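Below is one structure; the comments refer to it alone.
What follows is calculated from the coordinates using simple rules that are stated; it is not laboratory data. Predicted model, so just to flag it, every value in this text is computed and none were measured. Note: ideal-geometry Cβ built from the backbone for every residue, glycine included; neighbour counts use all protein chains shown.
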Amino acid sequence: MQVPAPFDYERATSVDDAIGLLARLGATARLVAGGHSLLPMMKLRLAHFEYLVDINDLHGELGYVKVEPTRIRIGAMTRHRELLESPELLSSFPIFHDAERVIADPLVRNRGTIGGALCQADPSEDLSAVCTAVDASCVIRGLDGERVVSMAEFYRGPYETAVGNAEMLTEVRFPVRPHGSSAYEKVGRRAGDWPVVSCGVAAWVEGGVITDARVGLAAVGPNTTGIPAISQALRGRAPSEDLYAEAGAIAAAYCAPVTDQRGSAAYKRHLAAELTRRALRRAVARIDGREV
Amino acid sequence: MQVTMTVNGEQVTRDVEGRLLLVHFLRDHLALTGTHWGCDTSNCGACAVWLDGEPVKACTVLAAMAGGHEVRTVEGLEQFGELDSIQRGFMHCHGLQCGFCTPGMLMTARALLDRNPSPSEPEIREAISGQICRCTGYASIVRSVQWAAAEEAGTRTSADVGSPP
């Protein structure tokens, strides 16, 4: 029987209340949203906290997908299922739909949140790769107000983020630019599993050339998410199979996978190249309306 | 701490530890042992119950988190002594052998049919993809859900509705 070590349970009624509780309780307190990463870790005694602050009542305040003319804002308590079923995200950033279809399973997606997924900062976590591809920023709120950090600043390494002790992630936002689309490709060993490797791409094409393209990878190394070298190689060039292969080769060269029960490092490098190629191809095809 | 929630339409209050999981609250504190306790790691889905109308894995929800919310378990499917059509579907189509996964499968299937009264086979398989059955190979579970969907749509002919095996 797996149960967490004893802790005190608190329930926050608002974002301010949650931050106040964290400030009062100190470093031995942790926020719990969906709980589908944190509770298993606490059961295995890989994590222990004196206090858990339940923020599920904040879903009304932080559960939203807001589409504005130049950006999209997603509240941290938006659940996986809401991202999967959002018609706005499907039409503007189909990468979310692609990824959410293969994140865990429908029951877990009913509970898990985008904020919880990013704060878990697991190197194999799909939404971190998605948010890197779409050039997301994270809004972190503390006692003294808000600060906004890029995904590169947010992700400090495995299970570490820029969120401080008396702070919480409240929103993920990313720019909306015309003539673009996105896609996500994942290889897993079985339904609902973590990826062996996965890759997200957001690309923009104008006048027959790629004006920008961003790649986010998951499960290919402790500190590998975005690969700026791919963006540099693609900008200003016409989309082609050769170019996708070139981008894939850069992905394979820049990632740092390790051999584990999901596959050998060599196999994962192969996947990084192949999935980068496929995701790029699909994102560009979607811009042209050749694929949905 | 004290937790109050509605379980199968009835309000219950108990003293619990903050770390108590919903699955153990239901089984050990309320004696509702229809909800099964399987892998403990949110993989197998034997503990699936409804939380505010959505199926969740009760081994990964704290009892305290369900405080103030509505929980429905397999015991809450039967109404006025009548089995739910999804339960009758599992009986008619042999949707179980050992029965361990069945309560969770029933809750997920019921939630699916409430949202989507005529799901396709891929939609049924997707809905139960977070749950493991080691007996049926899932084929008869899919047929059971299809049986219930047809039953509820009124499209089943009287010849199809035989006595349970």
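Comparing A:PHE49, A:PHE154, A:PHE93 in a Gaussian network model of chain A where C-alpha atoms under 10 Å apart are linked, the largest mean-square fluctuation is found at A:PHE49. With viscosity 0.692 mPa s and temperature 37 °C, the Kirkwood radius over alpha carbon pairs of region B:2-76 converts through Stokes-Einstein to a diffusion coefficient of 278 µm²/s.
If one computes the Cα centroid of region B:37-81 and of region A:145-213, what distance in Å separates the two points? Region B:37-81 and region A:145-213 have Cα centres separated by 32 Å. When chain B is treated as a Gaussian network with alpha carbon springs shorter than 10 Å, the biggest mean-square fluctuation among B:THR35, B:THR102, B:THR60 belongs to B:THR60. Residues of chain A were split at every exposed loop site, defined as trypsin sites (Lys or Arg not before Pro) in a DSSP loop with at most 11 other C-beta atoms within 10 angstrom, and the longest piece left, sites excluded, is A:46-188. Note: relative contact order over chain A, using C-alpha pairs below 8 Å and six or more positions apart, is 15 percent.
For region A:59-175, the relative contact order comes to 28 percent (Cα pairs under 8 Å, sequence separation of at least 6).
For region B:1-82, the Cβ-based charge dipole about the Cα centre amounts to some 240 debye (Lys, Arg positive; Asp, Glu negative; other atoms uncharged). Put a plus charge on the Cβ of each Lys and Arg, a minus charge on the Cβ of each Asp and Glu, and nothing anywhere else: the dipole of region B:85-153 about its Cα centre is then about 200 debye.
Straight-line cross-link partners of A:LYS186 among the lysines, defined as a Cα under 21 Å from its Cα and at least 8 positions apart when in the same chain: A:LYS268. The local environment of A:THR113, defined by Cβ-Cβ distances under 11 Å, has a net charge of +3 under the rule Lys, Arg +1 and Asp, Glu -1.
Over all pairs of different C-alpha atoms, region A:113-189 has a mean inverse distance whose reciprocal, the Kirkwood radius, equals 13.3 Å. In straight-distance terms, cross-link reach from A:LYS43 covers every one of the lysines whose alpha-carbon lies under 27 Å from its own, apart from those fewer than eight places away in the same chain; here that gives B:LYS57. Of A:ILE287, A:ILE230, the sequence from fewest to most neighbouring Cβ atoms within 10 angstrom is A:ILE287, A:ILE230. Taking every pair of Cα atoms in the protein assembly as shown, average 1/r, invert it to obtain the Kirkwood radius, and report Rg/Rh to two decimals. Rounded to two decimals, Rg/Rh equals 0.99.
Two decimals is fine: what is log10 I(q)/I(0) at q = 0.18 Å⁻¹ for chain B, from a Debye sum with one equal scatterer on every Cα and no solvent? Computed log10 I(q)/I(0) values: -1.07.
Each Lys and Arg contributes +1 and each Asp and Glu -1, all at the Cβ; summed about the Cα centre of chain B, the dipole is approximately 380 debye. Go ahead and set up a Gaussian network model of chain B, Cα springs under 10 Å, then flag whichever of B:LEU112, B:LEU30, B:LEU77 fluctuates most. Looking only at B:LEU112, B:LEU30, B:LEU77, the biggest GNM fluctuation is shown by B:LEU30. What do you get for Rg/Rh over region A:59-175 if you use C-alpha atoms and the Kirkwood form of Rh? Using only Cα positions, Rg/Rh for region A:59-175 is 0.93. Neighbour counting of Cβ atoms within 10 Å sorts the residues A:ASP105, B:ASP40, A:ASP288, fewest neighbours leading, into A:ASP288, B:ASP40, A:ASP105. In region B:85-153, taking the dipole from charged Cβ atoms about the Cα centre, the farthest positive-side position among B:TRP147, B:PRO117, B:SER129 is held by B:SER129.
Between the listed residues A:GLY192, A:MET151, A:THR113, the Cα displaced farthest toward the positive end of the dipole of region A:89-233, a dipole computed from Cβ unit charges relative to the Cα centre, is found at A:GLY192. In region A:180-287, inverting the average of 1/r over every pair of distinct C-alpha atoms gives 13.6 Å as the Kirkwood radius. When shorter helices are ignored and each DSSP H run of at least 4 residues is given -39500 (n - 2.57), the per-residue value for chain A at 222 nm works out to -10000 deg cm²/dmol. Which value at 222 nm does chain B reach when only helices count, each DSSP H run of 4 or more adding -39,500 (n - 2.57), with the total divided by all residues and rounded to the nearest 500 deg cm²/dmol? So the helix-based figure for chain B works out to -8000 deg cm²/dmol.
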